[in-house]
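To keep things clear, I will list the structure first and then write my remarks on it.
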Amino acid sequence: MSHDVKSAERPAPDPVLTAIADYASSFQGGGALAHETAIHCLMDTLACGFQALRYPACTKLLGPVVPGATLAGGARVPGTSYELDPVNAAFNIGAMVRWLDFNDTWLAAEWGHPSDNLGGILAVADYLSRGGGRQTVRDVLTAMIKAHEIQGVLALENSFNRVGLDHVLLVRVASTAVVTAMLGGTRAQIVDAVSNAWIDGGALRTYRHAPNTGSRKSWAAGDATSRAVRHALFALKGEMGYPSALTARTWGFQDVLFKGRPIVLPQALGSYVMENVLFKISYPAEFHAQTAVEAAMALHAEVRGKLERIERIVIETQEPGVRIIDKTGPLANPADRDHCIQYMVAIPLLFGRLTAADYEDEVARDPRVDALRARMQVRENPDFTRDYYDADKRYIGNAVQVFFTDGSSTRRVQVDYPIGHRKRRAEGRPLLVRKFETSVAVHFGARQTESITRMFADHEALAAMPVAEFMAHLVSPAA
């Protein structure tokens with residue numbers, strides 16, 4: 001920040017840029033816990049993508065941008081027969097894995113979904129492998145660990161949503177660093193590429209909030225990770241970077257978009273984020289409501305015969321839950337509904353379930369849903385907020401209680417952290433595997449389903465498998 005604004009002398013690269021580049025180019029991927037978690041993350045992310053392929057709103061955006069503009073021998077899109085250039089393949093994969101809001105998440109000062117980066121990682125890995133490279137699934141796992149770490153550590157203390165920017169900018173930054181390294185970029189080329197990722201600025205969060213919530217929130221990460229692949233390929237061609245992209249006075253990211261505050265990396269980059277990532281195992285719902293859904297599920301049996309006698313429903317949540325998903329009034333589309341805590345509580349109270357299909361119009365038009373929403377009171381519980389921001393806990397607490405017109409009430413059900421939390425790994429892992437196997441079985445035929453599940457059963461053999469062979473198991477003739 002001390003650079004003379006009149007001087008044309010280019011400064012040394014910003015420390016955040018060099019720290020990211022050093023890590024992306026040299027880190028070997030962490031220990032056994034990080035790699036084992038990465039395998040489960042790969043399974044879970046693919047499961048989300050296969051489920052999304054059942055929804056025309058998603059599939060209409062997939063494939064080549066211009067009909068027929070495919071690339072024989074290019075990067076493949078799991079669950080489809082598309083072969084595309086890696087930039088467009090990254091968008092396809094990124095959009096489908098994010099579409100249902102069901103993939104992993106990370107909650108800190110900024111939140112996001114680190115597995116969004118798989119779009120760029122898998123597209124580039126397959127592109128290289130089919131072009132004669134020696135990429136294995138282990139390389140994909142290592143790249144995932146790196147991307148999770150860059151995105152997650154940047155999110156620990158830098159709150160982009162507070163200035164109106166969407167968290168997908170961190171997908172673009174993390175993916176850019178990692179795929180540039182995968183493509184063989186030097187440390188200097190990684191710095192150049194990442195500087196361009198920051199200079200892109202950030203998408204506005206408009207599409208995540210009332211009254212404009214919409215489907216762009218489901219493809220925004222695909223857009224970000226595909227943009228990252230473009231930056232990486234440009235850097236490999238020698239396209240220049242911008243060393244003070246973050247800190248330049250007046251024109252840098254910090255002054256233009258971050259109110260002059262510094263972008264910080266509060267801890268060394270390692271494998272912390274992958275080891276502590278949060279999985280959405282049971283419910284495709286915005287993560288701040290996951291435990292509210294669990295609580296509502298627990299109350300379904302108590303209220304299903306008394307729906308007409310409900311006077312009010314009290315939902316206690318954390319401060320981000322109030323700020324992001326406390327929503328009244330008409331809900332226009334599935335993207336609106338899966339970011340409304342009242343809707344996500346009403347469905348399990350009514351039906352004892354919450355699936356992606358429950359956000360569609362057919363379910364939402366049931367008059368009982370909005371009738372329940374109208375009786376809900378959402379309150380911040382200061383203890384939930386404190387435990388949410390506690391670095392040693394990272395809880396995402398919610399509580400639900402139903403009160404009846406005769407003065408009686410249900411028990412108050414409180415859930416401090418969801419089944420996808422690290423503290424519930426042993427409980428959650430079998431359910432995550434079941435989520436994956438169910439998603440595969442719904443999309444693929446019996447023979448291919450057996451082949452895919454057998455491939456994932458042996459983790460050592462899977463890690464050693466060439467990416468081209470791995471992806472060949474996942475393609476489908478039914479694009």
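Taken together, the values in this text are just the output of simple stated rules run on the coordinates, not laboratory data. These numbers were taken from a predicted model, which means no experiment stands behind them. Backbone-built Cβ (ideal geometry, glycine too); neighbour counts: all protein chains shown.
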Item to check | Residues F234, F91 arranged by fewest to most Cβ contacts within 10 Å | outcome: F234, F91
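Determine, from the Cβ-Cβ distance of R261 and R54 and an R0 of 45 Å, the FRET efficiency 1/(1 + (r/R0)^6), rounded to the nearest 0.05.
Details: r = 42 Å, r/R0 = 0.94.
Efficiency at R0 = 45 Å is approximately 0.60.
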Item to check | If the convex hull is drawn through the Cα atoms of segment 219-343, its volume per residue in Å³ | outcome: 206
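Computed over the Cα atoms of segment 88-188, what is the ratio Rg over Rh, Rh following Kirkwood? Mind dumping the intermediate values first?
On the way: Rg = 13.7 Å, Rh = 13.9 Å.
So for segment 88-188, dividing Rg by the Kirkwood Rh gives 0.99.
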Checklist outcome for this item: For segment 108-115, Karplus-derived ³J(HN,Hα) couplings (6.51, -1.76, 1.60; θ = phi - 60°; whole Hz; x for glycine and proline) come out as 8, 4, 10, 10, x, 9, x, 6
Next on the checklist: Which residues does the label zone of R304 cover in segment 345-386, counting backbone N under 14 Å from a point 7 Å along Cα→Cβ?
Outcome noted: 347-354
Next on the checklist: Testing the spin-label approximation: label points 7 Å from Cα along Cα→Cβ at M455 and R162. State their distance in nm.
Outcome noted: 4.4
Checklist outcome for this item: Computed over segment 1-124, the convex hull of the Cα set has an average projected area, in nm², of 11.9
Next on the checklist: I need the phi-derived Karplus couplings for segment 33-40: 6.51 cos²θ - 1.76 cosθ + 1.60, θ = phi - 60°, integer Hz, Gly and Pro marked x.
Outcome noted: 4, 5, 6, 5, 5, 5, 4, 5
Item to check | Extension gain (nm, one decimal) between T186 and S409, 0.36 nm per residue minus Cα-Cα | outcome: 73.9 nm
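Within a 10 angstrom radius of the beta carbon, how do I39, I150, I324 rank from fewest other beta carbons to most?
On the way: I39 18, I150 29, I324 22.
Least crowded to most crowded, the residues run I39, I324, I150.
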Checklist entry - Which net charge results when you count Lys and Arg as +1 and Asp and Glu as -1 among the other residues whose beta-carbon is under 9 Å from that of L278? => result +2
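Rounded to the nearest 0.05, what FRET efficiency is calculated for K423 and E360 with R0 set to 25 Å and r the Cβ-Cβ distance?
Values: r = 33 Å, r/R0 = 1.32.
E(calc), rounded to 0.05, equals 0.15.
Too long at a 25 Å Cα-Cα cut-off: which of K217/K237; K146/K393; K217/K435; K146/K280? List each step's numbers first, then the result.
Working: K217/K237 31 Å; K146/K393 23 Å; K217/K435 23 Å; K146/K280 21 Å.
In this structure, K217/K237 lie more than 25 Å apart at Cα.
Among rounded, prolate and oblate, which fits segment 351-470 when a ≥ b ≥ c are the square roots of the eigenvalues of its C-alpha gyration tensor, a/c under 1.5 means rounded, and a/b larger than b/c means prolate?
On the way: a/c = 3.26, a/b = 1.65, b/c = 1.97.
Taking the square roots of the gyration eigenvalues as a ≥ b ≥ c, segment 351-470 is oblate.
Given 0.36 nm per residue, what is the gain on full extension from A371 to A12 after removing their alpha carbon distance, in nm? Please report the intermediate quantities before stating the final value.
Working: separation 359, 0.36 × 359 = 129.24 nm, distance 5.99 nm.
That works out to 123.2 nm of additional length.
Which values, in whole Å and largest first, are the semi-axes of the equivalent ellipsoid of the chain obtained as the square root of 5 times each eigenvalue of the Cα gyration tensor? Don't jump to the answer; show the numbers that get you there.
Values: eigenvalues 273, 150, 77 Å².
Sorted largest first and rounded, they come to 37, 27, 20 Å.
Using a ≥ b ≥ c from the Cα gyration tensor of segment 333-375 (square roots of the eigenvalues), is it rounded, prolate or oblate, where a/c under 1.5 gives rounded and otherwise the larger of a/b and b/c decides, a/b for prolate? Intermediate results must be reported in sequence, preceding the final value.
On the way: a/c = 1.31, a/b = 1.21, b/c = 1.08.
Because its axes are fairly even, with a/c under 1.5, segment 333-375 counts as rounded.
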Checklist entry - In vacuo Debye scattering of segment 167-230, one point per C-alpha: log10 I(q)/I(0) at q = 0.20 Å⁻¹? => result -0.71
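Order these by the 10 Å Cβ neighbour count, fewest first: S271, S7, S409. Please list the in-between numbers first.
Numbers: S271 22, S7 8, S409 14.
By the 10 Å Cβ count, ascending: S7, S409, S271.
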Checklist entry - Mind checking the angle between helix 446-457 and the chain's longest principal axis? C-alpha axes, 0 to 90 degrees, to the nearest 10. => result 70
Checklist entry - Counting other Cβ atoms within 10 Å of each Cβ, which GluC sites (Glu not before Pro) in segment 205-310 have at most 15 and sit in a DSSP loop? => result E239
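Using a ≥ b ≥ c from the Cα gyration tensor of segment 111-253 (square roots of the eigenvalues), is it rounded, prolate or oblate, where a/c under 1.5 gives rounded and otherwise the larger of a/b and b/c decides, a/b for prolate? Intermediate results must be reported in sequence, preceding the final value.
Numbers: a/c = 1.98, a/b = 1.33, b/c = 1.49.
It is oblate, given that a/c is not under 1.5 and a/b is not larger than b/c.
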